[in-house]
Each structure stands twice: as C-alpha cells, then as structure tokens.
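These notes concern the structure reproduced below.
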Amino acid sequence: MSDSGWKEYFERTRDKLPRPLLVKALAYVSSRDAAIDLGSGALNDSIFLLKEGFRKVVAVDKEPVAKEIAEHLPRDQFEYVISPLESFEFPATYDLINAQYSLPFIKPGEFDVTFQRIASAVKEGGILVGQFFGDKDEWRSDSTMNFHTKERAVNLLSGLEILLFEEKENDRPTAAGELKHWHVFDFIVRK
C-alpha cells in the first residue's frame, strides 16, 4: 500500500473500537505484564490494552501514521516502534501478542522466519491472536503479501494450543470502503 493509502487507512480507522477477536482473546490472558501490538495502525488496540491494565504495551508498525497519538500516551507504559515486522527483533517475551490483520503483510520470502520469531516471543502460557489470509482471498494475486491454505494455517500453529480457529469467507468492505472478497483464518492460541 502506498504512503497515502496508509494515511487514508489511519484516518478511516482512528477512534474505532478494539478488534472483537482481541477482546475475545483477553479472556484467556492470565498475566498482564507486557503486550505487543503488531501492525498497530491507529493504535486503537494498543490504547485498549493500556486501559485493560497491561503494565507495558509496545506498538510496532512500519508506517509512522499514529506518531501524534503515541506522543500523548504514558511513556512509562507505552513504546511506539516504527519497524517492518520482518526486521523487528522482539527484545522481550510477551503475555499477549496481538497481530490483527498484520501477518498477511509480511513479505512472503520472510514469512516463515518472521512468524517463528513472533511465536517464540510469546511467554509460556501467553496468548497470540491474529489472522492469516486464505488462498481464496481477493488479494491473493498480490505477490508482496502471503496467503495460506487451511492446512498450512493449522500447521503454522502447531506446537501451540489452539483455543479458537475459525475460517471466514465473505464479501464485505475494506477499511477504505471498497467491497472485497475476504478469506480469513482467525486464531487465538496459547503457548
């Protein structure tokens, strides 16, 4: 997506409620020391996690679109990192890793290594929540993104306890308001 496309996404999604899958995942979180929000966008989920009592929240996004919002969050509890997920080093482990619609944007050639680093950054007993895009998704011809069959999506989560795994296929608008055919695997897993 272009810089102007990410800015438009930010404007359309700012001040939205947290993602429902994240809200559902919180029921499984046993400790609220540290959370990380991957592909944090307008920081809606990050702010929600702070309000839900996480002592430290790190937001990672390759685009600095929410920099002004980040400056108003408590520095002792919040860190805003501008970095592609492929090069983020995961300096700690986390009670919760939130990856709402960000994993499909990892470069295909770097996906396996990056996803393994993400899964390794979950604390023992911690939760990873997010989505993979399926092989029937309308954007599947975009060679800069990654898409998976159901079997591959399940295999990516092997070694983790699957608490929720749902396949969804429907037509609905994108954040930009354009109608799109979605094929998504929602998941909540515990390490």
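Nothing in this text is a laboratory measurement; each read-out follows from the coordinates by a stated rule. Source: prediction; values computed, not measured. Using ideal geometry, Cβ is built from the backbone for each residue, glycine included, and neighbour counts are taken over all protein chains shown.
For K123, indicate whether it is touching a His at 6+ places or on another chain (Cβ under 6 Å) and either surrounded by fewer than 18 Cβ atoms within 10 Å (Cβ to Cβ) or not in a strand (DSSP E or B) (or both). For K123, the condition - touching a His at 6+ places or on another chain (Cβ under 6 Å) and either surrounded by fewer than 18 Cβ atoms within 10 Å (Cβ to Cβ) or not in a strand (DSSP E or B) (or both) - is not met.
With respect to R75, determine if the residue is outside any helix (DSSP H, G or I) and out of contact with any Pro (no Cβ under 9 Å at 6 or more places or on another chain).
On the way: outside any helix (DSSP H, G or I): yes; out of contact with any Pro (no Cβ under 9 Å at 6 or more places or on another chain): yes.
Yes, satisfied.
Scanning the range 20-58 for residues that are hydroxyl-bearing (S, T, Y) and within 24 Å of I162 (Cβ to Cβ) yields Y28, S30, S31. Selection of the range 117-141 for residues being farther than 21 Å from P20 by Cβ and over 16 Å from the mean Cα position of the chain (by Cα) yields K123, E124, G125, D135, K136, E138, W139, R140, S141.
A quick yes/no check of all residues on (1) buried (at least 17 other Cβ atoms within 10 Å of the Cβ); (2) of a type in the set (V, I, T); (3) under 15 Å from the mean Cα position of the chain (by Cα); (4) outside any strand (DSSP E or B):
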residue: E63; (1), (2), (3), (4): yes, no, yes, yes
residue: E110; (1), (2), (3), (4): no, no, no, yes
residue: F115; (1), (2), (3), (4): yes, no, yes, yes
residue: T144; (1), (2), (3), (4): no, yes, no, yes
residue: I162; (1), (2), (3), (4): no, yes, no, no
residue: F165; (1), (2), (3), (4): no, no, no, no
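Counting just the residues of the range 167-191 that are in contact (Cβ under 8 Å) with a residue 60 or more places away in the chain and outside any loop (DSSP other than H, G, I, E, B), which one comes out farthest from P108 (Cα to Cα)?
This residue is R190.
Can you spot a residue in the range 59-81 that is of a type in the set (D, E, K, R) and closer than 25 Å to E161 by Cα? So far as the range 59-81 goes, no, none of its residues is of a type in the set (D, E, K, R) and closer than 25 Å to E161 by Cα.
Residue pairs, Cβ under 6 Å, 6 or more apart or interchain, first in the range 96-110 and touching a residue at least 12 places away in the same chain (Cβ under 8 Å) and within 22 Å of A27 (Cα to Cα), second among the β-branched types (V, I, T) and not in a loop (DSSP other than H, G, I, E, B). List them. From the range 96-110, the pairs are L96/I127; I97/I36; I97/V122; N98/V129.
If we keep just the residues of the range 11-61 that are in a loop (DSSP other than H, G, I, E, B) and among the acidic types (D, E), which is farthest from D95 (Cα to Cα)?
D15
Within the range 126-142, restricting attention to residues that are without any contact (Cβ under 8 Å) to a residue 60 or more places away in the chain and more than 13 Å from F187 (Cβ to Cβ), the residue that is surrounded by the most Cβ atoms within 10 Å (Cβ to Cβ) is D137. For F90, are the conditions met, namely being out of contact with any strand residue (DSSP E or B) (no Cβ under 7 Å at 6 or more places or on another chain), of a type in the set (F, W, Y), part of a loop (DSSP other than H, G, I, E, B) and surrounded by 12 or more Cβ atoms within 10 Å (Cβ to Cβ)? Answer is yes for this residue.
A quick yes/no check of all residues on (1) hydroxyl-bearing (S, T, Y); (2) within 29 Å of S30 (Cβ to Cβ); (3) touching a Ser or Thr at 6+ places or on another chain (Cβ under 9 Å):
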position	(1), (2), (3)
V113	no, yes, no
I118	no, yes, no
I127	no, yes, yes
G134	no, no, yes
F165	no, yes, no
N170	no, no, no
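On inspection, S158 qualifies as surrounded by fewer than 18 Cβ atoms within 10 Å (Cβ to Cβ) and under 28 Å from Y94 (Cα atoms).
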